[in-house]
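Since the structure comes first, as structure tokens, the remarks are kept for the end.
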Amino acid sequence: MKRVKILVIDDDESLRRVLEYNLAQEGYAVLTASSGEQGLDLLKKEGADLVVTDVRMAGMDGLQVLEEVRKADPNIQVIILTAFGTIEMAVEAMKAGAFHYISKPFNRDELKLTIRKALQLKDLERENLALRQELRTRLGLDAIIADSPQMQQILEMLGRVAPTETTVLILGESGTGKELIARAIHGSSPRAQGSFVAVNCAAIPENLLESELFGHVKGAFTGAIRDRVGKFEAAEGGTIFLDEIGEMRPDLQVKILRVLEERTLERVGDNTLIRVDVRVLAATNKDLTKAIQAGEFREDLYYRLNVVPLSIPPLRERREDIRPLAQHFLQRLGAPPRLTIAPDAFKALETYDWPGNVRELENALERAMIFHRGDVITLADLPETIRAPRAKEAAALPVSLPEAGLSLEEVEKELILRALQKHDWNQSRAARYLGITRHTLLYRMEKHSITRPGGRGGPGEEEKAE
């Protein structure tokens, strides 16, 4: 096992020998230097886990040594030795980043304890760095299961938008993974070291949401017995995720708009402006354009949030993702590697419509993990709704069914063509008419090579704002 290496720098030869002896007795590998310059040269050649340096030396003093060590490797802790009369210099060293200072003549036990604590802090910092790197991988774009073409396109968009400061509006049904997308954006951004603060605007009572977001001062309302920091301030330097923002009442929408435009807020009961540095991500399962028409959502806030819209397709429209998602959830739930899913059970998972989307799939597999026996999840282990879904009532379709049969692909293509023609090739309105997202419509138009007569209105072509 590699021994911890400590570099001792002091121009007092007798003190260097005492330190070298005591530290060697504790099992440390000790390097010694008689000057700051010599010590830094040794550090460059041999490296060290910890530096113990006198503060007052001829030539380069301890403060200069500290500065150079911090430049070379900020993870190396530095302990300052100081004689009577140089305490002020030691305090200055603490402000500059030294771990601690010890007064001469020092107690041997005090020195050993201080060194032990400094090395423990170094280990903690190393563990924290490894954990942050792991979290960046686990919560970044790599955390998203995306085998389907629709999700691959979304991943490509995320790769472009994550490194920016752009506000993103994430759209999609409940359970599609909007918060996971938001966390991935944060985890792949320059703000990944900062906090990710999620607020479900629909889960907090209306009369408390303002205080939750912006904080309040003591006495602002009944029960406000102390000052409280809001979620925006808690996310300083990081990202705030406003989930279900479509449920927010209009007067609060005005204040959110102000934060977005001016980067300032006021706590409830106080007029002091507080500047905040946060990135805002928002999500909703509502059609905000309809909410605007109904007077429930501010149009100016909508356009401020909708800088980059991301529409997450429901699971039933990206069935290619069901199998890898199922395997992922089993692994996350602690399933043994030998556990498999029977073919008929997989078929049921892949043909079910998943009204609860990815969240419902995870819950179904958690239930299967409880009830399965042996090494295989069978059809019987799945919820009844998935094993035997109720047949949908036949809808009255404006098509006839010929005796000779027909191609499902052709029917889909014909329905898409009719919807586009009905809405003058406006892709957004045609998608809403068909009950799918515009992103899905574009994918299917490309799949069927559908373009507007005359060459305009093809997949992905710009269309006039509605």
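Counting neighbouring beta carbons within 10 Å and listing from fewest to most, the residues Thr264, Thr82 come out as Thr264, Thr82. Whole-Hz Karplus values for the range 44-52 come out as 5, 7, 9, x, 6, 8, 8, 10, 10 Hz, taken residue by residue from phi with 6.51 cos²θ - 1.76 cosθ + 1.60 and θ = phi - 60°; glycine and proline positions read x. Between the helical axis of 438-447 and the longest alpha-carbon principal axis of the chain there is an angle of about 70 degrees. Charge dipole of the range 142-311 (Cα centre as origin; +1 on each Lys and Arg Cβ, -1 on each Asp and Glu Cβ, all else neutral): 320 debye, rounded to the nearest 20. By the helix-only formula, in which each DSSP H run with n ≥ 4 contributes -39500 (n - 2.57) and the sum is divided by residues, the chain has a 222 nm mean residue ellipticity of -13500 deg cm²/dmol. Restricting attention to the chain, close to 10% of DSSP beta bridges with both partner residues there are antiparallel. Cross-linked pairs Lys347/Lys422; Lys218/Lys286; Lys231/Lys286: Cα-Cα separations exceed 32 Å for Lys347/Lys422; Lys218/Lys286.
Taking amide H positions as modeled 1.01 Å from N, with prolines and chain starts lacking one, the residues under 5 Å from Ile102 and 5 or more places away or on another chain are Ile80, Leu81, Thr82. Computed from the C-beta positions of Lys71 and Ala234, the FRET efficiency with R₀ = 30 Å rounds to 0.40. At 4 °C and a viscosity of 1.567 mPa s, what translational diffusion coefficient does Stokes-Einstein give for the chain, taking Rh as the Kirkwood radius over Cα pairs? Give it in µm²/s as a whole number. This corresponds to a translational diffusion coefficient of 47 µm²/s.
Each of Ser449 and Asn200 was given a label point 7 Å from its Cα along the Cα-to-Cβ line. The distance between the two points is 4.8 nm. Helix 322-332 and the long axis of the chain differ in direction by around 30°, with both axes built from C-alpha atoms. Give me the percent of Cα-Cα pairs in the range 142-311 that sit more than 25 Å apart, rounded to a whole number. The calculated P(r) of the range 142-311 puts 32 percent of pairs beyond 25 Å.
Using only Cα atoms and rounding to the nearest 10 degrees, what angle (0 to 90) does helix 13-25 make with the longest principal axis of the chain? Compared with the principal axis, the helix lies near 50 degrees. Show me, bin by bin at 5 Å from 0, the whole-percent P(r) of the range 5-132 based on Cα pairs. Once binned at 5 Å, the Cα pair distances of the range 5-132 give 2, 11, 23, 26, 22, 11, 3, 1, 0.
Extension gain for Arg275 to Ser14 (0.36 nm times residue separation, less C-alpha to C-alpha distance): 88.5 nm. Dipole of the chain computed with +1 at Lys/Arg Cβ and -1 at Asp/Glu Cβ about the Cα centre; of Gly27, Val254, Phe241, farthest Cα towards the positive end is Phe241. Okay, which of the range 357-390 sit inside 15 Å, backbone N to the point 7 Å along the Cα-Cβ direction of Arg323? Counting only backbone N, you get no residues. With viscosity 1.567 mPa s and temperature 4 °C, the Kirkwood radius over alpha carbon pairs of the range 408-447 converts through Stokes-Einstein to a diffusion coefficient of 133 µm²/s.
Taken together, the values in this text are just the output of simple stated rules run on the coordinates, not laboratory data. Worth saying up front: this structure is predicted, and the values here are computed from it rather than measured. Virtual Cβ from ideal backbone geometry, glycine too; neighbours counted across all protein chains shown.
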